[in-house]
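The values are calculated or read from the model by the stated rules, or taken from the named source; none is laboratory data. What you see is a predicted model, and the numbers here were worked out from it, not measured in a lab. Counting neighbours? That spans all protein chains shown, and the Cβs are built from the backbone with ideal geometry, glycine included.
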């Protein structure tokens with residue numbers, strides 16, 4: 001991204017208008033730079049844009065400060081606008097998705113197969129143990145594990161996934177350059193330095209962790225995921241907000257049953273009562289979100305040639321294993337065109353050699 005475009009996106013983000021208004025402006029003008037160059041009356045005529053939001057967009061105070069530009073130009077940081085090919089595929093279907101994401105670390109193709117694990121900031125030993133076990137199970141199955149980076153269950157989830165050499169995404173309720181929570185900064189550094197995930201925020205550099213930002217952050221946690229697992233949550237827990245967003249977005253909502261006399265389980269038990277799926281293992285979570293679990297990762301199919309296959313089919317199989325891979329990626333990696341890949345995958349699926357997963361992805365079963 002060139003510096004002029006980067007500056008325009010930083011200014012657009014600094015205005016902090018609602019996602020609905022932001023998308024309406026971008027739909028009308030095409031980009032932040034074109035919106036800022038437009039006649040102010042044309043900008044004000046966007047129906048979804050309030051007068052206050054229009055003033056904020058045009059306010060010179062929203063021009064990026066030097067420290068914001070320095071952060072944006074760091075080699076481990078990127079701005080990912082809504083029209084970027086790197087914008088997470090699951091989020092594209094969310095109506096109020098962020099118009100731009102600030103990312104520290106690296107997003108990966110595998111992250112389209114993600115599950116969020118969330119819960120209270122004051123977990124019991126039982127909650128900690130379950131969160132850690134689920135995180136290990138999910139990473140063993142090749143799924144990315146998403147959480148909110150907060151103290152408590154979120155921290156357990158990120159640490160367990162990292163220790164298990166899995167991928168984890170942290171979604172912040174503040175700017176990337178804000179050291180919050182301070183106790184987790186070393187953890188966030190490890191995730192980035194070890195190339196095991198990314199730290200993500202929709203908020204501009206310098207945005208402080210105000211209370212209203214966290215419910216907004218929660219819709220991104222669920223939007224990045226195939227489903228949300230609530231491990232432990234009281235009746236007023238923010239994890240329940242994440243579960244609510246997940247339901248609204250068409251994601252699976254799952255919960256862990258707990259002691260009926262413990263307030264930490266009041267929220268999760270209520271979710272189960274209201275229809276959330278009860279889950280007790282990573283395998284059950286994977287099956288609930290529609291990811292086929294054929295066998296344990298240690299027993300992955302050997303990549304040996306099978307009889308009666310075309311050259312194209314053999315090439316495709318050489319690029320498949322138990323980690324779900326989208327057909328677009330298969331086409332890129334094999335050099336085959338997409339219609340050919342689609343046709344050959346269908347033939348392989350009919351023979352039971354590959355299995356289709358959510359979102360147009362495939363895994364190898366033989």
> Tell me, which helices (runs of 4 or more DSSP H) wholly within segment 21-60 include 1 or more residues that are in contact with a strand residue (DSSP E or B) (Cβ under 9 Å, 6 or more places away or on another chain)?
Replying inline: 32-37
> Is it true that residue 273 is modelled with pLDDT under 90 and either in contact with a helix residue (DSSP H, G or I) (Cβ under 6 Å, 6 or more places away or on another chain) or farther than 20 Å from residue 110 by Cα (or both)?
Replying inline: no
> Does residue 127 fit the bill of being touching a residue at least 60 places away in the same chain (Cβ under 8 Å), in a helix (DSSP H, G or I) and over 11 Å from the mean Cα position of the chain (by Cα)?
Replying inline: yes
> Looking at this structure, is residue 135 part of a helix (DSSP H, G or I) and farther than 21 Å from residue 238 by Cβ?
Replying inline: no
>> Going residue by residue through segment 344-352, is there one that turns out to be buried (at least 18 other Cβ atoms within 10 Å of the Cβ), under 28 Å from the mean Cα position of the chain (by Cα) and either modelled with pLDDT under 90 or outside any helix (DSSP H, G or I) (or both)?
In response: no
> Restricting attention to segment 163-187, which residues are at pLDDT 95 or above and in a helix (DSSP H, G or I)?
Replying inline: 182, 183, 184, 185, 186, 187
> What single numbered condition from (1) out of contact with any strand residue (DSSP E or B) (no Cβ under 6 Å at 6 or more places or on another chain); (2) within 24 Å of residue 220 (Cα to Cα); (3) in contact (Cβ under 8 Å) with a residue 24 or more places away in the chain fails to hold for residue 92?
Replying inline: (3)
>> If the requirement is being buried (at least 24 other Cβ atoms within 10 Å of the Cβ) and out of contact with any helix residue (DSSP H, G or I) (no Cβ under 8 Å at 6 or more places or on another chain), which of these qualifies: 189, 154, 193?
In response: 154
>> For segment 327-340, check the following and say yes or no: at least one residue is modelled with pLDDT of 85 or more, in a helix (DSSP H, G or I), in contact with a strand residue (DSSP E or B) (Cβ under 9 Å, 6 or more places away or on another chain) and over 27 Å from residue 287 (Cβ atoms).
In response: yes
